[in-house]
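> Here it is, the structure in full.
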Amino acid sequence: MSDRRAVILAAALRVIAAHGADGATHRAVAAEAGVPLASTTYHFASKDALVHEALELAIGRSIAAVERESAAPGPADPAQLVGRLLSLVAAICDDDQAPLAAQYELVLEAGRRPELRPLAERWNQAYLAGIESLAASAALPEPGQAAEILSNLIEGALLTQLSVPQDAFAEGPLRSMLQRTVAGLARPPAPV
């Protein structure tokens, strides 16, 4: 990828994070990138192409973070699992090249535009696979279901944090929620 193209995509993600996918016009992205308008139209024939590639970049970076944070060795017990999940959250949230708000804006856009859904599905599958791998190595029963529960908890908490930010969110409320949830998931299911 050319340097100019990379600068434009990074700017597109910042614009999307601040103004949503509809705000990612060629003009707005060019202004954010500090490049002439002709540069954005040269590299991206349409706004849809720009949004699509920005989504690919954000999801690619997020998947790389998930793979990095869920790589072996996995957590040996539920307490270590909480720490690894918090590291995963930090890696996703702290990536200034793919702002969290832009990731959510782009995933929502994939819900509206069928041609973007395969990208969102790829992200969801990689995210769940990473959490399932962590849950399995921490010996949680039914790691697939545990991954879905943990994913839903984390995603809901992150959306809340984006809309109503709290100081020390990860080390405070999120850690507490994860500890309680992981403790519950670590118990064997009651017989039916």
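> Specify the residue with the greatest mean-square fluctuation among Leu134, Leu158, Leu55, computed from a Gaussian network of the chain linking alpha-carbon atoms under 10 Å apart.
Leu158
> Using a simple spin-label model with points 7 Å from Cα along the Cα→Cβ vector, what separation in nm is obtained for Ala31 and Ala71?
4.1
> Follow-up. How much FRET efficiency would the formula 1/(1 + (r/R0)^6) give for Ala139 and Ala49, where r is the Cβ-Cβ distance and R0 is 41 Å, rounded to 0.05? Can you show the working numbers first?
Values: r = 46 Å, r/R0 = 1.11.
The formula returns an efficiency of 0.35 here.
> Then there's this: Can you list the residues of the stretch 54-80 with backbone N under 17 Å from a point 7 Å past the Cα of Gln179, pointing along Cα to Cβ?
It comes to 77-80, nothing else.
> Only one of the values [x] 63, 33, 30; [y] 63, 45, 31; [z] 45, 44, 32 was calculated from this structure for Cα extents along the principal axes in Å; name its label.
[x]
> Order by neighbour count: Arg14, Arg112, fewest other Cβ atoms within 10 Å first, most last.
On the way: Arg14 22, Arg112 9.
Final ranking by Cβ density, sparse to dense: Arg112, Arg14.
> Calculate how steeply helix 117-137 sits against the longest principal axis of the alpha-carbon atoms of the chain, using the helix alpha-carbon long axis, and give the answer as 0 to 90 degrees to the nearest 10.
With rounding to tens, the tilt is 30 degrees.
> Note down the nm distance, to one decimal, between modelled labels 7 Å out along Cα→Cβ at Leu162 and at Arg4.
About 3.1 nm separates the two model spin labels.
> Which angle from 0 to 90°, rounded to the nearest 10, does the C-alpha axis of helix 100-112 make with the longest principal axis of the chain?
The angle comes out at about 80 degrees.
> I would also like to ask the following. Highest first, please rank the peptides 161-168, 137-144 by the mean number of other Cβ atoms sitting within 10 Å of their residues.
Details: 161-168: 10.5, 137-144: 17.6.
Those peptides, ordered most packed to least, come out 137-144, 161-168.
> Need one word for the stretch 96-176: rounded, prolate or oblate. Basis is the Cα gyration tensor (sqrt eigenvalues a ≥ b ≥ c); a/c below 1.5 gives rounded, then a/b vs b/c decides. Please report the intermediate quantities before stating the final value.
Working: a/c = 2.36, a/b = 1.12, b/c = 2.11.
Here the stretch 96-176 falls in the oblate category.
> At 7 Å along Cα-to-Cβ for each site, give me the label-to-label distance between Leu108 and Ala79 in nm.
4.0
Each reported figure results from applying straightforward, stated rules to the coordinates on display, with no laboratory input. Everything numeric here is computed off the predicted structure, so don't read it as measured data. Every residue, glycine as well, gets a Cβ built from its backbone with ideal geometry; the counts of neighbours run over all protein chains shown.
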